[in-house]
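This report concerns only the one structure given below.
The values are calculated or read from the model by the stated rules, or taken from the named source; none is laboratory data. Given the structure is predicted, the values throughout are model-derived calculations rather than measurements. Cβ: placed from backbone, ideal geometry, glycine included. Neighbour counts: every protein chain shown. Remember, those area values only see protein heavy atoms, side chains included, never the ligands or the DNA or RNA. Shrake-Rupley method; radii C 1.70, N 1.55, O 1.52, S 1.80 Å.
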Amino acid sequence: MIDNLDYPVQLIQPNGARVCRPEFDRLITDIGPDELLSLYRDLVVSRRIDTEAVALQRQGEIGLWAPMLGQEAAQVGSARALAPDDFAFTSYREHAVAYCRGVPPELLTTMWRGISHSGWDPKQFNVTNPAIVVGSQGLHATGYALGAHLDGAEIATIAYFGDGATSQGDIAEAMGFAASFRVGVVFFCQNNQWAISEPVSLQSRTPISHRAIGYGIPAIRVDGNDVLAVLAVTRSALNRAREGSGPTFIEAITCRMGPHTTSDDPSRYRADTDMSEWRSRDPLERMRLFLGRRDLLGENELSTIAAAADDVAAGLRRATIALADPPPSALFDHVYAEAHPLIDVEREEHRAYLRSMEGASS
């Protein structure tokens, strides 16, 4: 599955025109008008979740947020390609992946509010909580995929990471192991052009996908702002994983339009003019134009989708503000799966400390 790496797969041009690629068109023959509208709805809702979370952080309701503005198509297209039993291992920016896997939006801000180490049970939705350690999820995805194969499960896993993570040893080790043992994992790199403040040109002098070829892993580049192309390419890679053909590396070429996180000021390392070309490739506008050319998106559909996105954002806001601080003792509740004497001792020492503080203040 090594496509021409100089020409990323594209099925929808920025102006909404359809591109004919028979080898990928056959992978999306089931995507009719209803499914196309559903993809657009996921794009719109995902962006609305993101903008609301940024606003919540600016208002002091959550401590931090990693915006995904501009990367919605890469996330929605790939997540919608997953089967229910497949497992997604994410970094800290895949809010749309979590949403498409069924994670209730009101759980997305739990960890970022600082009241929990996680927001949901990964086994319930087959998607992990945000991984803050850059690149670690590549190892987790590879190990899970190998274990599933040994158990006889015909599933695939997908590991999401950015271009900067490809310079991390964890990703290198995961790719080396996956190649050697033909592990059914899809390495999904969202090349968003910036690893915090460094451009991708400093991460690699060649396309990121070339790194995979050095490990013997088939690689493909896709227009990451084209939700239909991402869906097709990811389906192909997942099929390879499930049938036992080993790993695939996908480089989804997109752009982080906003800051790395809400603590970042991108104006210090890139000019606003650098974003002008990428704004013309906006994944939501591209899909809107595509649907408009097919008379699938009128004013009624637009208003309905916008209202649904606003409802999700309002629910996210209400739930986030209503989150209560946990008791201090909760710090010890999930250190081990079973009771542990050391934790029992430390919990009691902490309680004694709190009692002494209460006595000192009275």
- [ ] Output the qualifying pairs, or none if there are none: Cβ atoms under 7 angstrom, residues six or more apart or on different chains, first residue in the range 196-207 and more than 12 Å from SER167 (Cα to Cα), second residue surrounded by fewer than 13 Cβ atoms within 10 Å (Cβ to Cβ) and aliphatic (A, V, I, L, M).
- [x] none
Open item on the list: For the range 86-114: of the residues being aliphatic (A, V, I, L, M), free of Cβ contacts under 8 Å to residues at least 60 places away in the same chain and within 12 Å of THR128 (Cα to Cα), which is surrounded by the fewest Cβ atoms within 10 Å (Cβ to Cβ)?
Closed with: VAL103
Open item on the list: Return the pair list, or none, for Cβ contacts closer than 7 Å from residues in the range 31-46 that are closer than 18 Å to ASP311 by Cα to residues that are of a type in the set (Asp, Glu) and open to solvent by less than 20 Å² (accessible area, probe 1.4 Å), at least 6 apart or on different chains.
Closed with: LEU43/GLU72; SER46/GLU72
TODO: Identify all residues within the range 214-246 that are part of a helix (DSSP H, G or I), touching a Leu at 6+ places or on another chain (Cβ under 8 Å) and open to solvent by 30 Å² or more (accessible area, probe 1.4 Å); write none if there are none.
DONE: ARG235
Open item on the list: When the residues of the range 271-286 are narrowed to those that are assigned to a loop (DSSP other than H, G, I, E, B) and exposed (fewer than 14 other Cβ atoms within 10 Å of the Cβ), which ends up modelled with the lowest pLDDT?
Closed with: ALA271
- [ ] Only residues that are surrounded by 11 or more Cβ atoms within 10 Å (Cβ to Cβ) and in a helix (DSSP H, G or I): list them for the range 319-334, please.
- [x] ALA319, THR320, ILE321, PRO328, SER329, ALA330, LEU331, PHE332
Task: Residue that is farthest from the chain's Cα centre (by Cα), among those in the range 29-68 that are open to solvent by less than 40 Å² (accessible area, probe 1.4 Å) and among the acidic types (Asp, Glu) - done: GLU52
- [ ] Would you confirm whether any residue within the range 289-303 is modelled with pLDDT of 95 or more, in a helix (DSSP H, G or I) and open to solvent by less than 30 Å² (accessible area, probe 1.4 Å)?
- [x] yes
Task: Residue check, ARG281 under 30 Å from ARG256 (Cα atoms) and not polar (S, T, N, Q) - done: yes
Task: Any pair with Cβ under 6 angstrom, 6 or more apart, that starts in the range 340-355 at a residue that is under 12 Å from PRO328 (Cβ atoms) and without any contact (Cβ under 8 Å) to a residue 40 or more places away in the chain and ends at one that is of a type outside the set (A, V, I, L, M, F, W, C) and open to solvent by less than 80 Å² (accessible area, probe 1.4 Å) - done: none
